[in-house]
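What follows is one structure encoded as structure tokens, with my remarks underneath.
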């Protein structure tokens with residue numbers, strides 16, 4: 001969880017003194033993994049977005065967004081590795097979005113690629129569209145009534161492990177929609 005004092009200090013330094021004079025704090029997140037950080041930077045660049053690494057963060061679109069990724073909870077066995085990865089995104093407004101994915105494979109490199117693919121297939125394009133206002137064919141945008149208020153909704157692919165028959169998808173999606181529409185949300189952007 002982010003330290004409130006560190007967040008205030010960062011906001012002061014970044015917005016009052018100027019972003020060129022400040023280094024992005026870690027906010028208590030785990031140390032990033034270089035392989036995951038390179039993957040993040042290349043993924044944004046692959047979508048024609050400027051992405052450069054400064055310290056423990058990738059600054060995206062000249063600081064409109066900051067991202068980092070790390071792994072932990074490594075459970076190796078004799079024939080496979082299972083890890084948890086956290087992909088952290090901080091919006092220009094200071095919102096923190098943390099998306100966690102499992103990575104599995106015969107070795108660490110394959111497990112990292114597996115987790116990265118899950119992030120890319122599900123959350124990445126939603127972040128690209130909602131936080132950077134970039135068009136993307138991998139997301140859908142609709143207007144839903146959530147908690148009695150009409151809200152713009154952007155959603156990407158639902159990623160699962162294992163087989164889910166094609167005819168099972170509509171009931172799963174409708175179940176998610178019914179639950180989300182029943183949530184009383186405060187004004188502003190939300191991540192579900």
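The values are calculated or read from the model by the stated rules, or taken from the named source; none is laboratory data. Just so you know, these numbers come straight off a predicted model, no measurement behind them. With ideal geometry, Cβ positions are generated from the backbone for all residues, glycine too; neighbour counts draw on all protein chains shown.
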*Restricting the search to region 44-88, which residues are within 22 Å of residue 105 (Cα to Cα) and either in the same structural domain as residue 188 (by TED's automatic domain parsing) or in contact with a helix residue (DSSP H, G or I) (Cβ under 6 Å, 6 or more places away or on another chain) (or both)?*
69, 81, 83, 85, 87
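Within region 65-87, track down each residue that is loosely packed, with under 15 Cβ neighbours inside 10 Å and in contact with a strand residue (DSSP E or B) (Cβ under 9 Å, 6 or more places away or on another chain). Please lay out each step first, then the result.
Of region 65-87, the ones loosely packed, with under 15 Cβ neighbours inside 10 Å are 72-80.
Across region 65-87, the qualifying residues are 72, 73, 74, 75, 76, 80.
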*Within the bounds of region 124-139, is there any residue that is closer than 28 Å to residue 51 by Cα, touching a strand residue (DSSP E or B) at 6+ places or on another chain (Cβ under 9 Å) and free of Cβ contacts under 8 Å to residues at least 24 places away in the same chain?*
yes
_Given (1) free of Cβ contacts under 8 Å to residues at least 24 places away in the same chain; (2) within 19 Å of residue 127 (Cα to Cα), identify the lone condition not met by residue 180._
(1)
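If we keep just the residues of region 160-186 that are under 22 Å from residue 91 (Cβ atoms) and in contact with a strand residue (DSSP E or B) (Cβ under 8 Å, 6 or more places away or on another chain), which is surrounded by the most Cβ atoms within 10 Å (Cβ to Cβ)?
First, pick out the residues of region 160-186 that are under 22 Å from residue 91 (Cβ atoms): 180, 183, 185-186.
In the following step, the residues that additionally are in contact with a strand residue (DSSP E or B) (Cβ under 8 Å, 6 or more places away or on another chain) were identified as 180, 183, 185.
On the way: 180: 17, 183: 10, 185: 14.
Filtering first and then ranking leaves 180.
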*In region 24-58, what residues are part of a strand (DSSP E or B) and without any contact (Cβ under 8 Å) to a residue 24 or more places away in the chain?*
51, 52, 53, 58
